[in-house]
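What follows is one structure encoded as structure tokens, with my remarks underneath.
The values are calculated or read from the model by the stated rules, or taken from the named source; none is laboratory data. Just so it is clear, the model here is predicted, and its values are computed rather than measured. Quick reminder, even Gly has a Cβ in these numbers, built from the backbone with ideal geometry, and neighbours come from all protein chains shown. Calculation scope for accessible area: heavy atoms of the full protein, side chains included, ligands and nucleic acids excluded. Shrake-Rupley method; radii C 1.70, N 1.55, O 1.52, S 1.80 Å.
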Amino acid sequence: MTLLVHDDSRGLTVRDVARRYRVGEDKVRGWIRRGELRAINTAAVLCGKPRWVVMPEALAEFERRRTGGAPPKPARRRRRRTEIVDYYPD
């Protein structure tokens, strides 16, 4: 496995973010489209295909929002009653 080394001061591309979280590039674009992950469109023509760059501050904010709290406590199991009541004795 190769270690991904990137200069985070300039920002990360969609591909870099996808590799970092081991998800598809379409999922990262979905996060950007829904506003969950802030990114800057650096495309030369704004009406063309967007070229997203995610700044390190936006990535840190995204990670902060996505961290989960403590895991929920498992539901307590009820004990089965071992007493059997025979309503129709032999």
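Which of the residues that make up the stretch 62-73 are open to solvent by less than 100 Å² (accessible area, probe 1.4 Å) and closer than 13 Å to VAL17 by Cβ?
Passing the criteria: PHE62, GLU63.
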For ARG64, work out the one condition from (1) modelled with pLDDT under 80; (2) of a type in the set (Lys, Arg); (3) under 24 Å from the mean Cα position of the chain (by Cα) it doesn't fulfil. (1)
Condition check for ARG76: surrounded by fewer than 10 Cβ atoms within 10 Å (Cβ to Cβ) and either touching a His at 6+ places or on another chain (Cβ under 8 Å) or modelled with pLDDT of 85 or more (or both): no
Selection over the stretch 24-51 where residues are open to solvent by 70 Å² or more (accessible area, probe 1.4 Å), under 14 Å from THR13 (Cβ atoms) and touching a strand residue (DSSP E or B) at 6+ places or on another chain (Cβ under 9 Å) yields a count of 4
Out of all the residues in the stretch 8-23, which are open to solvent by 60 Å² or more (accessible area, probe 1.4 Å), part of a loop (DSSP other than H, G, I, E, B) and modelled with pLDDT of 95 or more? ARG22
